[in-house]
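Okay, so here's the structure we're looking at.
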Amino acid sequence: PLLINQLAAGEVVTRPAAVVKELLENAIDAGATNIEVHITQGGMGMIEVVDNGVGIHPDDMVMAITRHATSKVADVANLHGIMTLGFRGEALAATAAVSRLTLTSSHDNSGIGRQLQVAGVLDDTPTLLPVVHNRGTTITVRDLYFNVPARRGNLKSIATEFGHIETIVREVALARADITLMLFHDNKKRLSLSASTTHNEHNNRLSLARLEQAIGSALTKNAIEVAVDLSSLTQPSSEYVNNKSVNHHAGISGWLWPVRDQKESLPKLIYVNGRLVKEALISNQLRQLAQGAQLTGMGYALYFDMPTHWLNINVHPSKQRIKISPLNNVMVHLNHALRSKLKAFSA
Ligand code: ADP
Ligand code: MG
C-alpha cells in the first residue's frame with residue numbers, strides 16, 4: 001500500500017498548491033462556511049486548512065486517510081488504467097504518504113475532537129488522541145515530500161509555490177461567495193474574503209465587490225452584468241439529491257469587461273455549478289464575440305447554473321473539463337444576450 005500511495009501521490013500531490021486544492025475541496029464538500037488556510041514557507045513548511053464543516057466521526061477518521069479502492073490496482077502495470085478514474089478517495093491518503101499529516105476533527109458541538117497523526121506510513125493500530133476542537137476539521141500537512149527527495153528537489157522558490165497557492169484560494173473564493181476565506185503566509189494575513197450577502201437562492205452569484213476583492217485588482221468600471229435565462233431549455237423539474245428535492249435553475253450570470261485600447265490581462269473565468277472549468281468551445285465563442293464587437297480584449301467571470309443531468313464532469317481526472325449536453329443551445333442563448341450587450345457598449 002505504501003508504494004501505491006506514493007505512486008498516487010505523484011499524480012495528486014504534484015506541488016503544495018495541489019494539496020491546498022484538495023483540502024479546500026474537502027472542506028467545501030463538508031459544508032464549511034468558514035475556511036482558514038495557514039501556510040509557511042510556500043507550503044513546504046506547513047499547509048493547514050481549518051474548516052467549520054460537518055467534521056468526521058471518530059470511527060471514520062482512519063478510513064478518511066486510507067486509500068479507498070486498493071482493489072482497483074492489482075499491480076503497477078495497471079496504474080495507467082486507474083489514472084483515468086480520477087483518484088477519488090485518494091487525496092488524503094496520497095498526501096499522508098508523502099508528508100507528516102495531522103488530522104483533527106470534531107463532528108458534534110461537544111468542543112472535543114480526535115486527532116490522528118501519520119508520517120508516510122499509517123500504523124496498524126493508529127491512536128486517536130482526544131483534543132479540544134470545535135465542530136469541523138483541521139488538516140495539517142508538514143514537511144511535504146520529506147520522504148521523496150526527488151520531488152522536494154523539484155519545488156520552486158517559496159514565492160512561486162505560494163503564488164500557486166494564492167491562485168487556488170482565489171479560484172475557490174470566486175466560485176463560492178457564500179464562504180468566508182482567509183489565507184495566511186508565515187503568520188501574515190494575505191487574503192481575507194468575507195462571505196457575500198448577495199448570493200441568491202439559485203446560485204452563489206458574487207457581488208462585484210467580492211469579485212474585485214478575490215481577483216485582487218480594481219476591475220474596470222466598464223463591467224457589464226450578464227444574466228441569461230436558460231429555463232426554456234429545460235423542463236421545470238426537480239431531482240432528488242441526498243434525499244432532498246432540488247429544483248433546477250438553468251441560467252448564466254456574471255460579468256464581462258470589454259477592453260478597447262489597453263492590453264491589460266483580465267480574468268477569464270468560467271464556472272459551471274460552482275466549479276472552475278476549461279471549456280474551449282465557450283472560451284472560443286467569447287473571443288469571437290469580442291472580435292465581432294471590435295474589442296481588443298474581453299475579460300469575463302461567467303457562472304453557469306445547470307441541471308446536473310446536462311453535465312458530465314468525469315471526462316478528465318482533474319475535473320476541470322466538463323461536458324454540457326445541450327451546449328449548442330446554451331451557446332445560442334449566450335451569444336444572443338451578449339451580442340446586444342456588447343453592441344450597446346460599442347455604440
Ligand atoms: P474524497 O474527497 O475523494 O472522498 P479524500 O481523500 O479527499 O477523498 O477524503 C477522504 C474522506 O475523508 C472524504 O470522503 C471525507 O469523508 C473525509 N474528509 C476529508 N476531509 C474532510 C473535511 N475537511 N471534513 C469532513 N470530512 C472530510
Ligand atoms: Mg477530496
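Based on this model, can you work out whether residue 131 counts as more than 16 Å from ligand 2 (Cβ to nearest atom), among the hydrophobic types (A, V, I, L, M, F, W, C) and part of a strand (DSSP E or B)? Spell out how you get there, then give the answer.
Working: more than 16 Å from ligand 2 (Cβ to nearest atom): yes; among the hydrophobic types (A, V, I, L, M, F, W, C): yes; part of a strand (DSSP E or B): yes.
Here the answer is yes, as residue 131 does meet what is asked.
Could you grab me the full set of residues in the stretch 66-104 that are near ligand 1 (Cβ under 7 Å from one of its atoms) and either in contact with a Lys or Arg (Cβ under 6 Å, 6 or more places away or on another chain) or modelled with pLDDT of 85 or more (or both)?
If the condition is that a residue be near ligand 1 (Cβ under 7 Å from one of its atoms) and either in contact with a Lys or Arg (Cβ under 6 Å, 6 or more places away or on another chain) or modelled with pLDDT of 85 or more (or both), then 90, 91, 92, 93 are the ones that fit.
Going through 17, 27, 32 one at a time, which residue ends up being within 12 Å of ligand 1 (Cβ to nearest atom) and either more than 21 Å from residue 97 (Cβ to Cβ) or modelled with pLDDT of 95 or more (or both)?
Values: 17 fails: within 12 Å of ligand 1 (Cβ to nearest atom); 27 fails: either more than 21 Å from residue 97 (Cβ to Cβ) or modelled with pLDDT of 95 or more (or both).
None of the other options fit; the residue is 32.
Only residues that are away from ligand 2 (no atom under 11 Å from the Cβ), surrounded by fewer than 21 Cβ atoms within 10 Å (Cβ to Cβ) and in contact (Cβ under 8 Å) with a residue 60 or more places away in the chain: list them for the stretch 16-43, please.
33, 34, 36, 38, 40, 41
If we scan the stretch 35-47, do we find a residue that is modelled with pLDDT under 95 and either under 19 Å from residue 184 (Cβ atoms) or within 16 Å of the chain's Cα centre (by Cα) (or both)? Steps first, please.
Filtering the stretch 35-47 for residues modelled with pLDDT under 95 gives none.
Within the stretch 35-47 (the criterion being modelled with pLDDT under 95 and either under 19 Å from residue 184 (Cβ atoms) or within 16 Å of the chain's Cα centre (by Cα) (or both)), the answer is no, since none of the residues qualifies.
Could you tell me which of the residues 110, 105 is closer than 14 Å to residue 56 by Cα and assigned to a loop (DSSP other than H, G, I, E, B)? It would help to see each step written out before you state the result.
Details: 105 fails: assigned to a loop (DSSP other than H, G, I, E, B).
Answer to the selection: 110.
If a residue has to be within 15 Å of residue 331 (Cβ to Cβ) and part of a loop (DSSP other than H, G, I, E, B) to count, how many in the stretch 262-301 make the cut?
The qualifying residues number 2.
Tally the residues that are at pLDDT 85 or above and over 16 Å from the mean Cα position of the chain (by Cα), restricting the search to the stretch 269-293.
Summing the residues that are at pLDDT 85 or above and over 16 Å from the mean Cα position of the chain (by Cα) in the stretch 269-293 gives 11.
Scanning the stretch 87-102 for residues that are under 15 Å from residue 15 (Cα atoms) and assigned to a helix (DSSP H, G or I), which turns out farthest from ligand 2 (Cβ to nearest atom)?
97
The values are calculated or read from the model by the stated rules, or taken from the named source; none is laboratory data. None of these values were measured; they are calculated from a predicted model. No Cβ is skipped: glycine too gets one built from the backbone with ideal geometry, and neighbour counts run over all protein chains shown.
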